[in-house]
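The values are calculated or read from the model by the stated rules, or taken from the named source; none is laboratory data. Note that the structure is a prediction, hence the values are computed from the model and not measured. Cβ atoms come from the backbone with ideal geometry, glycine included; neighbour counts cover every protein chain shown.
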């Protein structure tokens with residue numbers, strides 16, 4: 001899918017502006033999908049009106065691609081693969097967010113992600129008096145989100161030309177099959193932004209990756225891998241790769257439950273306060289003795305003292321007695337939280 005997507009986007013005339021991909025606005029508490037979609041469309045208009053970006057939406061891509069490709073693209077909505085999605089779209093920036101209803105007013109939360117740095121450049125939480133105020137709130141939120149972070153001009157692409165993440169993943173799989181035939185790759189995703197530099201006076205480009213494997217005895221593991229390309233006489237060639245072990249995964253079937261998001265949200269709400277938005281990290285850590293999964297969370301919630309807190313890196317854990325037994329929320333803790341002033 002990425003090859004077709006890149007070809008389609010490359011066909012567009014370059015404007016010299018940084019490309020920004022808008023990800024769907026997630027409906028939160030007491031907000032319908034229709035209202036969130038309408039608010040998302042207003043945000044797209046507001047982003048375009050700044051004149052700073054070439055704005056791309058999932059809807060723009062889906063209008064060109066078929067049903068199967070649409071499904072693959074929609075499957076990349078998790079925060080942990082947003083950077084990969086941005087690279088596939090040729091985007092320098094991503095904007096994602098949520099819309100929830102707290103009491104008698106709406107709460108609009110937006111995040112701006114710098115694809116090259118794989119970091120959140122800025123977050124904005126804005127109270128909105130009601131549905132009728134959403135167009136003005138969209139413009140205000142976009143102004144706050146982009147005014148001080150994104151320059152008037154910048155690189156037009158996160159990865160201007162191959163090799164990009166897709167080529168790095170393919171090269172990693174070929175190298176792995178040759179070097180580690182006893183470990184079968186079951187998944188590869190980018191682990192962060194690529195880097196370009198001079199290596200022995202030759203242009204080089206490296207890509208960090210996360211590799212999941214399955215051994216012949218069924219053991220599953222996760223590794224960090226790095227793939228490097230070099231440019232020789234105008235063409236890029238695979239140069240070398242390396243890897244290091246990160247963690248073991250459960251041998252027997254003990255994957256996180258399908259409703260892990262719900263368990264984490266309900267548990268957090270009971271221990272901390274009403275959840276506005278909660279996004280679990282894609283790679284929780286497994287404890288074989290406790291039969292538990294520990295998550296890093298990006299959570300926004302209304303605390304019991306009435307204040308709204310944004311915690312981009314909180315922690316929470318779910319566990320069960322053994323494989324096949326019911327899961328339960330165990331504990332969670334705040335980290336790096338910021339308080340947001342709500343409207344009086």
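Being farther than 20 Å from residue 172 by Cβ, buried (at least 16 other Cβ atoms within 10 Å of the Cβ) and out of contact with any helix residue (DSSP H, G or I) (no Cβ under 8 Å at 6 or more places or on another chain) narrows it down to one of 294, 226, so name that one.
294
With the checklist (1) over 24 Å from residue 101 (Cβ atoms); (2) outside the structural domain of residue 201 (by TED's automatic domain parsing); (3) assigned to a strand (DSSP E or B); (4) without any contact (Cβ under 8 Å) to a residue 40 or more places away in the chain in hand, flag the one item residue 237 doesn't pass.
(2)
Against the definition (in a loop (DSSP other than H, G, I, E, B) and either in contact with a strand residue (DSSP E or B) (Cβ under 6 Å, 6 or more places away or on another chain) or assigned by TED's automatic domain parsing to the domain that holds residue 55 (or both)), how does residue 187 come out, yes or no?
Here the answer is no, as residue 187 does not meet what is asked.
Examine region 258-278 for a residue that is in contact with a helix residue (DSSP H, G or I) (Cβ under 6 Å, 6 or more places away or on another chain), crowded, with 16+ Cβ neighbours inside 10 Å, closer than 18 Å to residue 317 by Cα and not assigned by TED's automatic domain parsing to the domain that holds residue 99, and state whether such a residue exists.
Yes, region 258-278 has at least one match.
Say whether the condition of being in the same structural domain as residue 184 (by TED's automatic domain parsing), touching a strand residue (DSSP E or B) at 6+ places or on another chain (Cβ under 8 Å) and touching a residue at least 60 places away in the same chain (Cβ under 8 Å) is met by at least one residue in region 283-292.
Initially, region 283-292 is screened for residues in the same structural domain as residue 184 (by TED's automatic domain parsing), giving none.
Within region 283-292, not a single residue is in the same structural domain as residue 184 (by TED's automatic domain parsing), touching a strand residue (DSSP E or B) at 6+ places or on another chain (Cβ under 8 Å) and touching a residue at least 60 places away in the same chain (Cβ under 8 Å).
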